[in-house]
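Chemist: Take this structure, written in structure tokens, and hold onto it; I'll ask about it next.
Every read-out reported here was derived from the displayed coordinates using simple, explicitly stated rules and does not represent laboratory data. All values derive from a computational prediction rather than experimental measurement. Cβ: placed from backbone, ideal geometry, glycine included. Neighbour counts: every protein chain shown.
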């Protein structure tokens, strides 16, 4: 029960931050870090898939409603949840995940966390950027926007994880 309350609290806080703060700040006109990915990246892998999909859809839908983009973030969030177990399997060296999966600074090293967050954030940003433009004539510009947004998103997510993680023994 405590885990559900913390998941819901994370969801509300980061969606609220995304909607109220980060969607209103546009660095250089196009840089928009996506901090709402944190609750999705921290979901346990052993949670039932249908619950993960509902959480991802609800998160994306909340962002879509407040930004009026009609399904882009919902689709990207669902894609992130779909790809996540395969990506974890890939970065673990094709070994099954031993024990409980916690992508937090205390349980994983910085290199692993960086690859995990940057890979999944890039996939998410790439899908969001291409769905927003929906034009292949601006392919390289859209790719550039996805890369720059990923860079700032990864920095923000890693800073939040390292600032607010408390080591429990």
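Chemist: How far apart, in nm, are the 7 Å Cα→Cβ label points at residue 151 and residue 46?
Modeler: Rounded to a tenth, the inter-label distance reads 3.9 nm.
Chemist: Which of these, 91, 55, 147, has the largest mean-square fluctuation under a Gaussian network model of the chain (Cα springs below 10 Å)?
Modeler: In the Gaussian network model the winner is 91.
Chemist: Give the relative contact order (percent, whole number) for the chain; include only Cα pairs under 8 Å separated by 6+ residues. Please list the in-between numbers first.
Modeler: Values: 165 pairs, mean separation 40.2, N = 169.
Value for the chain: 24 percent.
Chemist: Taking springs between alpha-carbon atoms closer than 10 angstrom, which of 11, 114, 90 fluctuates most in the Gaussian network model of the chain?
Modeler: 90
Chemist: Taking 0.36 nm per residue of sequence separation and subtracting the Cα-Cα distance, how much length would be gained by fully extending the chain between residue 9 and residue 66, in nm to one decimal?
Modeler: Value of the extension gain: 18.7 nm.
Chemist: Let me know the Kirkwood hydrodynamic radius for the chain, please, with Cα pairs as the basis and the value in Å to one decimal. Before the final figure, lay out each step's value.
Modeler: On the way: mean 1/r = 0.0608 Å⁻¹.
Over the chain, the inverse of the mean reciprocal pair distance is 16.5 Å.
Chemist: Need one word for region 25-117: rounded, prolate or oblate. Basis is the Cα gyration tensor (sqrt eigenvalues a ≥ b ≥ c); a/c below 1.5 gives rounded, then a/b vs b/c decides.
Modeler: Numbers: a/c = 2.45, a/b = 1.51, b/c = 1.63.
Here region 25-117 falls in the oblate category.
Chemist: Give the angle, between 0 and 90 degrees and rounded to the nearest 10, that separates the Cα long axis of helix 2-17 from the longest principal axis of the Cα atoms of the chain.
Modeler: Approximately 20 degrees, to the nearest 10.
Chemist: Using helices alone, what [θ] at 222 nm do you get for the chain, with -39,500 (n - 2.57) per DSSP H run of 4 or more residues, divided over all residues and rounded to the nearest 500?
Modeler: Result for the chain, helices only: -22000 deg cm²/dmol.
Chemist: Next up: Springs between alpha-carbon pairs under 10 angstrom, Gaussian network model over the chain: which of 35, 51, 81 fluctuates most?
Modeler: 51
Chemist: Taking Cα atoms, how many degrees apart are the long axis of helix 110-133 and the longest axis of the chain, rounded to 10 and kept between 0 and 90?
Modeler: Roughly 30 degrees, rounded to the nearest 10.
Chemist: Here's a follow-up. Arranged from highest to lowest average of other beta-carbon atoms within 10 Å per residue, in what order do the peptides 24-30, 126-132 appear?
Modeler: Packing proxy ranking, top to bottom: 126-132, 24-30.
Chemist: Compute the long axis of helix 72-91 from its Cα atoms, compare it with the longest principal axis of the Cα atoms of the chain, and write down the angle in degrees, 0 to 90, nearest 10.
Modeler: 40 degrees
Chemist: Want the number for residue 131 to residue 160: 0.36 nm per residue separation, take away the alpha-carbon distance, what's left?
Modeler: 7.7 nm
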